[in-house]
Amino acid sequence: MTVCITERCTRDLRAWETDAHMLICSPCLGQMRTWLQQVPAALTVLRDGSMQRERTGTAGRGGTRTAPLPGRLDTLNLVGPAATGDVHDPHGDQTGDRPVIGVLGDWTRLVCEERRLNGPDSWTETALAAWLQPHLGWASQQAWVDELHTALRDMTWTIRGIARVDIRTRPISRPCPRCDQLALQQTDGDQYTRCSNCLSAFTTAELEIDAAIRAASAA
Ligand SMILES: [Zn+2]
Ligand SMILES: [Zn+2]
């Protein structure tokens with residue numbers, strides 16, 4: 001059995017996934033698609049927030065009037081222009097979180113180089129995120145796909161942290177098909193149910209099959 005190469009993922013690759021030369025599992029591939037799909041909405045929240053802080057001079061919800069600047073710089077850094085020509089930051093002089101456009105731009109350049117493509121017509125966060133999505137299947141076959149997964153995950157977590165977007169997670173009251181623990185949970189926008197104990201991910205169909213097997217063996 002081959003295991004998905006994504007950081008912390010323990011899912012065995014299914015036969016059809018290895019036949020398709022995928023190095024990561026389809027739940028991890030689906031996560032990357034979801035993260036890219038969320039970019040336009042997240043950027044709207046970030047931009048609105050930073051404009052409001054500029055007008056009012058406060059840091060918004062939970063912020064204080066005496067120290068409005070740190071929160072604002074966070075946001076401006078994240079939605080600001082990326083430094084071109086220094087994308088890999090070899091001297092480590094880039095502070096704070098990478099701007100979203102820098103993260104997406106790096107990976108778009110890589111895909112363009114390797115697939116000999118021209119990239120999107122406009123170089124915006126939304127355009128880059130949309131342009132990358134149809135290349136994810138191909139990317140899942142590349143040795144660096146775990147790095148792409150980590151980059152998109154970190155970017156999404158940073159956005160969620162700053163935009164204070166609440167992502168709800170609900171426990172699922174049935175045992176995990178893999179480790180038998182009652183640790184399954186479902187998260188908004190995630191098409192897979194995930195186990196917080198063994199980090200496996202399951203489709204609804206897989207959970208139903210497992211439930212049927214358990215019901216049959218209990219009878
Ligand atoms: Zn995976
Ligand atoms: Zn489990």
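The values are calculated or read from the model by the stated rules, or taken from the named source; none is laboratory data. Predicted model only: the values in this text are computed from it and were never measured. Quick reminder, even Gly has a Cβ in these numbers, built from the backbone with ideal geometry, and neighbours come from all protein chains shown.
Can you go through A143, A211 and tell me which one is without any contact (Cβ under 8 Å) to a residue 40 or more places away in the chain and either away from ligand 2 (no atom under 12 Å from the Cβ) or over 19 Å from R11 (Cβ atoms) (or both)?
Numbers: A143 fails: without any contact (Cβ under 8 Å) to a residue 40 or more places away in the chain.
A211 is the lone residue from the list that is without any contact (Cβ under 8 Å) to a residue 40 or more places away in the chain and either away from ligand 2 (no atom under 12 Å from the Cβ) or over 19 Å from R11 (Cβ atoms) (or both).
Those residues that are small (G, A, S) and touching a Pro at 6+ places or on another chain (Cβ under 6 Å), I need them from the stretch 121-142; list them, please.
First, the residues of the stretch 121-142 that are small (G, A, S): 122, 127, 129-130, 137, 139-140.
Within the stretch 121-142, A127 is the sole residue that qualifies.
T203 satisfies every condition listed in (1) within 16 Å of ligand 2 (Cβ to nearest atom); (2) touching a Cys at 6+ places or on another chain (Cβ under 8 Å) except (2).
So that you can scan it fast, the table gives a plain yes or no per residue for (1) under 18 Å from L13 (Cβ atoms); (2) acidic (D, E); (3) within 16 Å of ligand 1 (Cβ to nearest atom):
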| residue | (1), (2), (3) |
| --- | --- |
| W131 | no, no, no |
| W138 | yes, no, no |
| L152 | no, no, yes |
| I162 | no, no, no |
| Q181 | no, no, no |
| Y192 | yes, no, yes |
| C195 | yes, no, yes |
| T204 | no, no, no |
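When you go through (1) modelled with pLDDT of 90 or more; (2) surrounded by fewer than 17 Cβ atoms within 10 Å (Cβ to Cβ) one by one for G161, which number turns out not to apply? Status for G161: all satisfied but (1).
Checked against the criterion of being assigned to a loop (DSSP other than H, G, I, E, B) and surrounded by fewer than 19 Cβ atoms within 10 Å (Cβ to Cβ), the stretch 126-134 has no qualifying residue. Under the condition of being surrounded by 15 or more Cβ atoms within 10 Å (Cβ to Cβ) and in a helix (DSSP H, G or I), the residues counted in the stretch 4-20 number 1.
Which of the residues belonging to the stretch 21-45 are surrounded by fewer than 21 Cβ atoms within 10 Å (Cβ to Cβ) and at pLDDT below 85? Result: Q37, Q38, P40, A41, L43, T44, V45. Applying a threshold of 8 Å to beta carbon distances and a minimum spacing of six or more residues, or different chains, the list of pairs starting in the stretch 10-23 at a residue that is without any contact (Cβ under 8 Å) to a residue 40 or more places away in the chain and ending at one that is surrounded by fewer than 15 Cβ atoms within 10 Å (Cβ to Cβ) and among the hydrophobic types (A, V, I, L, M, F, W, C) reads D12/M1; D12/V3; L13/M1; L13/V3.
Go through the residues of the stretch 86-95 one by one and say whether even a single one is assigned by TED's automatic domain parsing to the domain that holds Q37 and either in a helix (DSSP H, G or I) or modelled with pLDDT of 95 or more (or both). No, that holds for no residue. Looking at the structure I just gave you, is P68 more than 17 Å from L104 (Cα to Cα) and at pLDDT below 90? Yes.
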